[in-house]
Amino acid sequence: MRPLLTSALLILTTLPAAAAPTLQPGLYDVSVQVVMKGMPMQMPVMTFRQCLTAQDIADGKAYAANENKDCTISKLSESGNQVSYDFNCALQGGQRMAGRASGTTHANGYDVLMSGRFVPAMQGMGEFSQKLSAKRLGACP
């Protein structure tokens, strides 16, 4: 019985791992919910459409949903359906927005939670969190 168990385990370890679905290029419907700590009223959920290229996905910009060209994505890590990265964005007036994001991806969308801070605090608001959810609609127009 023991040799059979050993053989079965060896067969399992030689099978290729199932590849996790990779986010596909295309047109996405993205919803963004921003939560600002210390604000009595929160911002409404915003939605927009975004055309993602293979390069946007490869460099992590697909998950940022920020058209600010002064944003950098670093420490991008994708493992299975998990994604995480750091972000740092230059804002007007010498301010910066920096933080960490993590979430899950699938072939036709993603769910990412970003947590960050404004440096220095912006109008008394220092920390924020932002939930991004995206669903692929099809090919880009």
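The values are calculated or read from the model by the stated rules, or taken from the named source; none is laboratory data. Just so we're clear, the structure is a prediction, and the values are computed from it rather than from any experiment. A quick note on method: Cβ atoms are made from the backbone with ideal geometry, for glycine too, and the neighbour counts reach across all protein chains shown.
Observations on the structure shown:
- Restricting attention to the stretch 1-34 and to residues that are at pLDDT below 90 and hydroxyl-bearing (Ser, Thr, Tyr), the residue that is nearest to Gly124 (Cα to Cα) turns out to be Thr22.
- The set of residues from the stretch 30-59 being without any contact (Cβ under 8 Å) to a residue 12 or more places away in the chain and under 19 Å from Leu113 (Cβ atoms) comprises Gln42, Met43, Pro44.
- Candidates in the stretch 35-65 are the residues that are surrounded by fewer than 13 Cβ atoms within 10 Å (Cβ to Cβ) and under 17 Å from Gly126 (Cβ atoms); of these, the one that is farthest from the chain's Cα centre (by Cα) is Pro40.
- Count of residues meeting criterion [hydrophobic (A, V, I, L, M, F, W, C) and more than 25 Å from Cys51 (Cα to Cα)] in the stretch 89-141: 6
- Positions within the stretch 42-58 being of a type in the set (A, V, I, L, M), assigned to a loop (DSSP other than H, G, I, E, B) and either in contact with a helix residue (DSSP H, G or I) (Cβ under 8 Å, 6 or more places away or on another chain) or within 15 Å of Gly109 (Cα to Cα) (or both), in sequence order: none
- Applying the set (1) surrounded by 11 or more Cβ atoms within 10 Å (Cβ to Cβ); (2) at pLDDT 85 or above to Leu91 leaves exactly one unmet item: (2).
- Of the criteria (1) outside any strand (DSSP E or B); (2) in contact with an Asp or Glu (Cβ under 9 Å, 6 or more places away or on another chain); (3) not polar (S, T, N, Q), which one Gly93 fails: (2)
- The stretch 104-124 - residue that is part of a strand (DSSP E or B) and polar (S, T, N, Q) and, of those, surrounded by the most Cβ atoms within 10 Å (Cβ to Cβ): Thr105
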